[in-house]
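The values are calculated or read from the model by the stated rules, or taken from the named source; none is laboratory data. Computed from a predicted structure; not experimentally measured. Backbone-built Cβ (ideal geometry, glycine too); neighbour counts: all protein chains shown.
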């Protein structure tokens, strides 16, 4: 038999157990655990993501970066996001919540990624040319200013990999710097070649019921008209056949047909303006002239031209020379009477005293001809191409324009010895290349392009880096088309 004490003890235990079942002990809140965070290096304004466990979206978490509190913190079920505050420095990251502090690691604060220029080209250029800077960390939201030896330039385009800037007028050789956000980066040196050449153009205008050609100086980069240099007046009000500028003789010249009274034959005349001396002369190229006569070249104050006349039996073609005032006229070569070549593209090689011209023979075979003006020796070479325009430089390089059919033309360099193509330089998609010229100071080819009657363009090809530009020329109100655009250095 159990004792009374034993029964009382059992009753107390039962009562005690019943009381505990009705008021159980509450669970302790689980502590925040951060398993990882990224990135581990960042700049002010970057977002840091903390991945972890036991994140309570209803709680307020304070994220502190080496003593600087982030003002932008967001909670999610499995992560906390915080923006690195301004003025934050490298050091510990602490997350505070419920009067607790959790150190989660260190963050390295980096500077803003610096602009890096790995290369630029070309390294030799002229005012108006574009320079391309290839680099890293280029920000499209940042304004970059490029300085050429202290002269501010225009930035024409910015991408994630390159900055393009145009060399300003007045820029000189020296250091290139790029400035942005109170920073300045030196990227190297460039050689600026002063554009010694001046650009001229002929414009046809109406005056006194006759056609007048006005000569203007043009902006070499934009083609905008600047100063009027002079004018040619076609007194007979008849068609102008050709115009050109001959550097060796410093003269502008154009040829035209004229008749004084109805029923009389046309006369071929030349009008000449010497750019430096101011001489302006008009003289006959031929009597009762034919439209095919033309000036071939000019050199050392002499003009070389085709002279055509009728001797009563046949048409006679001669190559003649004359001084600028039309004195000292002499015949250099007389072609056979069956000569029917159409000589249009021509020039002069001073080193060999040779007139050169590209034409076709009676079999329609393209030929390259040379006439030594001292010995009157004519040589001829069969070639494979014809050219709508050629230009001979001071250094005796020959550039030509070859039609590719349709609207495409090819600019080529021609061997001055054989007349054959040395190399292809560029292809131009245009209806007509009216004439071509060359700038020695910038090693650039200029051309006058025509798409339609009132749309003309100035084309520039830089032979240093093969870059090109095409600029639409203004119709200049009352002016008609350009007859030609020429350079003078």
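Of the residues 426, 447, only one is in the same structural domain as residue 465 (by TED's automatic domain parsing) and either under 24 Å from residue 355 (Cβ atoms) or exposed (fewer than 15 other Cβ atoms within 10 Å of the Cβ) (or both); which?
Checking each option against the conditions leaves just 447.
For (1) surrounded by 14 or more Cβ atoms within 10 Å (Cβ to Cβ); (2) over 49 Å from the mean Cα position of the chain (by Cα); (3) within 15 Å of residue 104 (Cα to Cα); (4) outside the structural domain of residue 103 (by TED's automatic domain parsing), each residue gets a yes or a no:
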residue	(1), (2), (3), (4)
37	yes, no, yes, no
41	no, no, yes, no
53	no, yes, yes, no
67	no, yes, yes, no
85	yes, no, no, no
92	no, yes, yes, no
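I'd like to check which strands (runs of 3 or more DSSP E) are fully inside segment 134-193 and have at least 2 residues that are in contact (Cβ under 8 Å) with a residue 40 or more places away in the chain and in contact with a helix residue (DSSP H, G or I) (Cβ under 6 Å, 6 or more places away or on another chain).
In segment 134-193, there are no strands (runs of 3 or more DSSP E) which contain 2 or more residues that are in contact (Cβ under 8 Å) with a residue 40 or more places away in the chain and in contact with a helix residue (DSSP H, G or I) (Cβ under 6 Å, 6 or more places away or on another chain).
Answer with yes or no whether residue 81 is in a loop (DSSP other than H, G, I, E, B) and either within 30 Å of residue 135 (Cα to Cα) or touching a strand residue (DSSP E or B) at 6+ places or on another chain (Cβ under 6 Å) (or both).
It is false that residue 81 is in a loop (DSSP other than H, G, I, E, B) and either within 30 Å of residue 135 (Cα to Cα) or touching a strand residue (DSSP E or B) at 6+ places or on another chain (Cβ under 6 Å) (or both).
Among the residues in segment 479-489, are any at pLDDT 80 or above, out of contact with any helix residue (DSSP H, G or I) (no Cβ under 9 Å at 6 or more places or on another chain), under 24 Å from residue 204 (Cα atoms) and in the same structural domain as residue 390 (by TED's automatic domain parsing)?
no
Kindly indicate the residue of segment 334-353 that is modelled with pLDDT of 85 or more and surrounded by fewer than 17 Cβ atoms within 10 Å (Cβ to Cβ) and also nearest to residue 283 (Cα to Cα) among those meeting that condition.
Filtering first and then ranking leaves 334.
Please find, among 433, 356, the residue that is in a strand (DSSP E or B), at pLDDT below 90 and out of contact with any helix residue (DSSP H, G or I) (no Cβ under 7 Å at 6 or more places or on another chain).
Residue meeting the stated conditions: 433.
Against the condition surrounded by 13 or more Cβ atoms within 10 Å (Cβ to Cβ) and without any contact (Cβ under 8 Å) to a residue 24 or more places away in the chain, how does residue 75 come out, does it pass?
yes
Counting only residues that are under 27 Å from residue 40 (Cβ atoms) and buried (at least 18 other Cβ atoms within 10 Å of the Cβ), how many does segment 98-142 have?
Number of matching residues: 6.
Output the residue which, of all residues in segment 285-303 that are part of a strand (DSSP E or B) and modelled with pLDDT under 70, is nearest to the chain's Cα centre (by Cα).
285
The conditions are (1) touching a residue at least 40 places away in the same chain (Cβ under 8 Å); (2) assigned to a strand (DSSP E or B); (3) within 36 Å of the chain's Cα centre (by Cα), and residue 343 fails exactly one of them. Which is it?
In the conditions (1) touching a residue at least 40 places away in the same chain (Cβ under 8 Å); (2) assigned to a strand (DSSP E or B); (3) within 36 Å of the chain's Cα centre (by Cα), residue 343 misses (2) alone.
Please go through (1) buried (at least 21 other Cβ atoms within 10 Å of the Cβ); (2) at pLDDT 70 or above; (3) closer than 23 Å to residue 331 by Cα for residue 220 and return the number of the only condition it doesn't satisfy.
Looking at each condition in turn, residue 220 falls short on (3).
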